[in-house]
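Notes follow the structure.
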Amino acid sequence: IPSILFETPDSWYNDLNEKLFRQSTLLYNELKDIDGLKPIKARGTIFFMVQIEVQKFKGIKDDIDFANKLIREQAILVLPGTIFGAKNYFRCVVCPPSHVIAEIGKRMREFCAKYSINAMKTRPAKL
């Protein structure tokens, strides 16, 4: 361990920080325009919190319900904010590669559209 701490060049840490910043920005941008979600930009961490406006979703009771349905339906794992004392938030990590983050954004939009009260108002009635 001492050799890792003392012999790793500063450039490695700088490159890693830049990569994580880019990925964090990408994930934030994927989520910020989804109705019912309010991401909070990460500040020097590998994760950030997203507020769930549960009143904008039909069939979503709280952050735990949101996380359970999201993993079952879209294979996206988030941690319910209740774990951290932040009800109706979830925590997501920014570590996945950019192509995975783009797919997460796509799946998250599909998931939120499915449960959106606004989308349900505009769907035509089934005959």
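The values are calculated or read from the model by the stated rules, or taken from the named source; none is laboratory data. From a predicted model like this one, the values you see are computed outputs, not experimental measurements. No Cβ is skipped: glycine too gets one built from the backbone with ideal geometry, and neighbour counts run over all protein chains shown. Protein only, heavy atoms only, side chains kept; ligands, DNA and RNA dropped before computing areas. Shrake-Rupley method; radii C 1.70, N 1.55, O 1.52, S 1.80 Å.
Computed values, structure above
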| read-out | value |
| --- | --- |
| Among (1) farther than 22 Å from ALA119 by Cα; (2) assigned to a helix (DSSP H, G or I); (3) in contact with a strand residue (DSSP E or B) (Cβ under 7 Å, 6 or more places away or on another chain), the one test that VAL100 misses | (3) |
| Meets criteria (at pLDDT 95 or above, outside any loop (DSSP other than H, G, I, E, B) and touching a helix residue (DSSP H, G or I) at 6+ places or on another chain (Cβ under 8 Å)) for ALA67 | no |
| Exclusive hit being modelled with pLDDT under 95 and part of a loop (DSSP other than H, G, I, E, B), set ARG22, ARG43 | ARG43 |
| Matching entry among GLN55, GLN51 (being of a type outside the set (Lys, Arg), within 19 Å of ILE117 (Cβ to Cβ), more than 13 Å from the chain's Cα centre (by Cα) and open to solvent by 50 Å² or more (accessible area, probe 1.4 Å)) | GLN55 |
| Unique match (being within 27 Å of LEU20 (Cβ to Cβ) and open to solvent by 70 Å² or more (accessible area, probe 1.4 Å)) among ARG91, ARG109, ARG72 | ARG109 |
| Residue, nearest to ALA86 (Cα to Cα), within region 58-69, restricted to residues that are acidic (Asp, Glu) and surrounded by fewer than 21 Cβ atoms within 10 Å (Cβ to Cβ) | ASP62 |
| First in region 39-61 and in contact (Cβ under 8 Å) with a residue 60 or more places away in the chain, second anywhere and among the acidic types (Asp, Glu) and assigned to a loop (DSSP other than H, G, I, E, B), Cβ under 9 Å, 6 or more apart | LYS56/ASP35 |
